[in-house]
Amino acid sequence: MRNTGIMKSNLIFLFLLLTIPVGFVVAAHADTQYVSDMLVLTIRDNPDKDANILGNLKTADPVEILEAGDRFMRIRTKEGLEGWVQKNFITADKPKAIIIKEMKNEISQLKSKLEEFENNRDADLNEIRASSQDDKLKIKQFTEKYNNLLKESKTKTATLTGERDKLKAINTELNIEVDNLKQDLNSNPKTKRIQFFLVGAGVLLLGFFLGLASKRKKSYYR
C-alpha cells in the first residue's frame, strides 16, 4: 500500500511538471534585470527633499563642499551652481566610474608604450642584424687582404733572400779576384814600372790642363 501511494505521488508530480505553461517558464528567464550603477542626484535651493530643484548631478561628478549639515550638504558644481544635496550620496572616495576610466586610460597608455617598445625593438634588431652582416663582410675582406699580403710578403722575402745570396757569392768572387790582382801587381816589376809611368803621365796631363786653363783666364781678362 505504501509503495502504491509513493507511485501515485510521483505520477502527480510528473503530471504537474508537464502541465506547467511553457510561456511561464520563458517569461521567468526573460524577466532577468540588473541594477544600474548610474545615480542622478537633485540639487535643491534649501536643505529639504521637497525644496525647489535647481539641477542634477550624475555619478562621478565632482563638487566643492561649502557647508555640511546632518542630512544635507551645500555644494558648488564645476559650472558654479550652488545648492543643497543629500549628504549620504556624497563620498570622498573616487567612484568606480572614475577608477575604471583612469584604469582604461592607463591600459591605453601602456598599450601605446608596448607598441612603441616593440617597434623600437624590431628596428634595433634589424639594425643589429644589418650591422652584424656588415661586420662579417668587413672581417672577411680584411682576412682575405691579410692573407694576400702575407703570401706576397713571403714571395718577396724568398726573392730578396735569393738575390742577397747571389750578391754575396759575386762579392766573394770579386774579393778573390782583387786579392789575386794585388798579388800579381806586387810580384811583377814590369807592372810597377807601368804604374810609375801612368802616374807620371797623369801628372803631366794634369799640368797641361791647368796651364791651358790659366791661359784662357788671362785672355778673358784682357
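The values are calculated or read from the model by the stated rules, or taken from the named source; none is laboratory data. The model shown is predicted, which means the values in this text are computed figures rather than measured ones. Using ideal geometry, Cβ is built from the backbone for each residue, glycine included, and neighbour counts are taken over all protein chains shown.
Return only the number of the condition from (1) part of a helix (DSSP H, G or I); (2) closer than 30 Å to K58 by Cβ that S131 does not satisfy.
(2)
Just wondering, is there one or more residues in region 38-46 that are modelled with pLDDT of 80 or more, surrounded by 11 or more Cβ atoms within 10 Å (Cβ to Cβ) and among the polar types (S, T, N, Q)? Break it down into steps so the answer makes sense when it comes.
Step one: list which residues in region 38-46 are modelled with pLDDT of 80 or more, which gives 40-46.
From what is left, the residues that are surrounded by 11 or more Cβ atoms within 10 Å (Cβ to Cβ) are 41-46.
Remaining after also requiring among the polar types (S, T, N, Q): 42, 46.
Among the residues of region 38-46, at least one is modelled with pLDDT of 80 or more, surrounded by 11 or more Cβ atoms within 10 Å (Cβ to Cβ) and among the polar types (S, T, N, Q), which makes the answer yes.
Residues are listed down the side, and each one gets a yes or a no for (1) surrounded by 13 or more Cβ atoms within 10 Å (Cβ to Cβ); (2) of a type in the set (A, V, I, L, M, F, W, C):
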{"position": "R71", "(1), (2)": "no, no"}
{"position": "R74", "(1), (2)": "yes, no"}
{"position": "A97", "(1), (2)": "yes, yes"}
{"position": "N105", "(1), (2)": "no, no"}
{"position": "K111", "(1), (2)": "no, no"}
{"position": "E115", "(1), (2)": "no, no"}
{"position": "N119", "(1), (2)": "no, no"}
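Return yes when D61 is assigned by TED's automatic domain parsing to the domain that holds L39 and modelled with pLDDT of 85 or more and no when it is not.
Numbers: assigned by TED's automatic domain parsing to the domain that holds L39: yes; modelled with pLDDT of 85 or more: no.
For D61, the condition - assigned by TED's automatic domain parsing to the domain that holds L39 and modelled with pLDDT of 85 or more - is not met.
Results for (1) among the small types (G, A, S); (2) assigned to a helix (DSSP H, G or I); (3) at pLDDT below 80, shown as yes or no for each residue.
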| residue | (1), (2), (3) |
| --- | --- |
| K111 | no, yes, no |
| F117 | no, yes, no |
| E127 | no, yes, yes |
| Y146 | no, yes, yes |
| S153 | yes, yes, yes |
| L174 | no, yes, yes |
| E177 | no, yes, yes |
| G200 | yes, yes, yes |
